[in-house]
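Below is one structure; the comments refer to it alone.
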Amino acid sequence: MREETIKIEGMMCGHCQMSVEKAIRAVKGVQEVRVSLGTKQAEVSYDPGITDPVEIKSAVIKAGYKIVD
Ligand SMILES: [Cu+2]
């Protein structure tokens, strides 16, 4: 299992936080996700044999949010 911290732009409330969490959790290979509204980031545990940060980030973008690089 690998850990990735993703910085996210555009989350304004608990609903946004839930949407991002749901989008990331829907990615195959994601084991665990914690999205923080305060620090505006997501900590994701994933199986590197199944998915990668690019795929996880693209799920966040598809949900309507931006990634801070
Ligand atoms: Cu919101």
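Some points to look at:
- Reported count of residues in region 18-57, each being acidic (Asp, Glu) and within 16 Å of the ligand (Cβ to nearest atom), is 1.
- Qualifying positions in region 51-69 - among the hydrophobic types (A, V, I, L, M, F, W, C) and without any contact (Cβ under 8 Å) to a residue 12 or more places away in the chain: Val54, Ile61
- Failed condition for His15, given (1) in contact (Cβ under 8 Å) with a residue 12 or more places away in the chain; (2) more than 18 Å from Val68 (Cα to Cα); (3) within 16 Å of the ligand (Cβ to nearest atom): (1)
- Positions within region 22-32 being assigned to a helix (DSSP H, G or I) and either surrounded by fewer than 18 Cβ atoms within 10 Å (Cβ to Cβ) or on the phi > 0 side of the Ramachandran plot (or both), in sequence order: Lys22, Arg25
- Test: residue in region 41-63 that is at positive phi, of a type outside the set (Ser, Thr, Tyr) and modelled with pLDDT of 95 or more: no
- Within region 33-42, the set of residues being part of a loop (DSSP other than H, G, I, E, B) and out of contact with any Lys or Arg (no Cβ under 7 Å at 6 or more places or on another chain) comprises Leu37, Gly38, Thr39.
The values are calculated or read from the model by the stated rules, or taken from the named source; none is laboratory data. This is a predicted model, so every value here is computed, not measured. When we count neighbours, we look across all protein chains shown, and the Cβ atoms used for this are built from the backbone with ideal geometry, even at glycine.
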